[in-house]
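The values are calculated or read from the model by the stated rules, or taken from the named source; none is laboratory data. Please read these numbers as outputs of a predicted model, since none were measured by experiment. Methodologically, a virtual Cβ is constructed for each residue, glycine included, from the backbone with ideal geometry; neighbour enumeration extends over all protein chains shown. Areas reflect the complete protein model, heavy atoms only, side chains present, ligands, DNA and RNA absent. Shrake-Rupley method; radii C 1.70, N 1.55, O 1.52, S 1.80 Å.
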Amino acid sequence: MTETNSIEKETREPVLNVVDRVSEMLFGLFMALTFIGVVTVADAGREEVREMFVTALGCNLAWGLVDAVMYLVRTVTERGRLLTLVRSVKAADAAGGRRLVEASLTKAMAGLVAPAELEAIRGRIAALSSLPARPRLNEGDLLAALAIFLIVVGATFPVVLPFLLIQDIGVALPLSRGIALLMLFLGGLALGRFAGYGSWKVGFMMAGLGTALVVAIILLGG
């Protein structure tokens, strides 16, 4: 593995960490719920249910594709920004290189890094022997984009399947809503555990917040 590939691997933030997985799942879920939210027991027939399923799935197919493509665009952009930073640091003198490294850090991180540590980072960057001519995508990026697409699309099915499997809309509708609340709760639970605090509390908060968001989306005509 070359030095450049090693740096790209170390600095590229994985798309499928807990926050990203949950966020993509919730996005797909919210999109599906905007269609399910307008279903009423009194008015919904099998044709309306079929149309709702096709529309919800089509919407999430489209937005899953958009999310996947934008992930690739974001990855190339961030990788290009990293290459620009590395070239600038290599071209600058020691003081200028340290300033560039410090400017690339978040405000919180910049306050925690000592000048000696900035110099160590600058020295490691300056010692790099080769750089790619342009930012590139690799197989891992394409697999991550595919995973994003599948998560967004896959979030459609748990809340829509009750309508396809159960003839009685009066039974399917509360079951679908219950599954949606469970998915929201589990998403919040995962986020809480990842953050290291109040996982159960975050789960309940996410269920309540998600319900409020879906109601707001429906009222706004989404």
Item checked: Residues ARG74 and LEU182, FRET efficiency given R0 of 30 Å [Cβ-Cβ distance, rounded to 0.05] -> 0.45
Check: With no solvent and one point per C-alpha, what does the Debye sum give as log10 I(q)/I(0) for region 175-219 at q = 0.28, 0.31 Å⁻¹?
Finding: -0.88, -0.98
Item checked: Solvent-accessible area, 1.4 Å probe, carbon plus sulfur percent, for region 148-222 -> 77
Notebook entry, point to check: Expressed in nm to one decimal, what extension gain is obtained for the pair ALA120 and LYS90 from 0.36 nm per residue of sequence separation less their Cα-Cα distance?
Noted result: 9.5 nm
Next item on the list: Using only alpha carbons, build the gyration tensor for region 39-121 and give me the equivalent ellipsoid semi-axes, biggest first, whole Å.
Entry: 53, 16, 6
Notebook entry, point to check: Just the Cα atoms of region 58-179, one point each, no solvent: what log10 I(q)/I(0) does Debye give at q = 0.13, 0.19, 0.20 Å⁻¹?
Noted result: -0.72, -1.01, -1.05
Checklist line | Phi to ³J(HN,Hα) by Karplus 6.51 cos²θ - 1.76 cosθ + 1.60 over region 109-124, Hz, x for Gly, Pro | finding: 6, 4, x, 9, 9, 7, x, 5, 6, 4, 5, 5, 5, 4, x, 5
Next item on the list: Taking the Cα centre of the chain as origin, sum charge times position over the Cβ atoms of Lys and Arg (+1) and Asp and Glu (-1), and report the length of that vector in debye to the nearest 20.
Entry: 700
Checklist line | Cα→Cβ-extended label distance, 7 Å offset, between LEU213 and LYS201, nm | finding: 2.1
Item checked: Label-point separation in nm, LEU143 to LEU128, each point 7 Å along Cα→Cβ -> 2.4
Check: What would the Debye formula give as log10 I(q)/I(0) at q = 0.10, 0.17, 0.19 Å⁻¹ for the alpha-carbon point model of the chain, no solvent?
Finding: -0.62, -1.14, -1.29
Checklist line | Extension gain from PHE194 to GLU47, taking 0.36 nm per residue of separation minus the Cα-Cα distance | finding: 48.7 nm
Next item on the list: May I have the pair-distance distribution P(r) for region 67-114, computed from all Cα-Cα distances with 5 Å bins from 0 and rounded to whole percent?
Entry: 4, 20, 20, 18, 18, 11, 7, 2, 0
Next item on the list: Return the sequence-ordered ³J(HN,Hα) values of region 176-192 in whole Hz as given by the Karplus equation 6.51 cos²θ - 1.76 cosθ + 1.60 applied to θ = phi - 60°, using x for Gly and Pro.
Entry: 4, 5, x, 4, 4, 4, 5, 5, 5, 4, 5, x, x, 4, 5, 5, x
Notebook entry, point to check: Using θ = phi - 60° and the Karplus form 6.51 cos²θ - 1.76 cosθ + 1.60, what ³J(HN,Hα) does each residue of region 134-139 get, whole Hz, x for Gly and Pro?
Noted result: 8, x, 10, 8, 10, 4
Checklist line | Probe 1.4 Å, protein heavy atoms only - accessible area per residue of region 70-222 in square angstrom | finding: 59
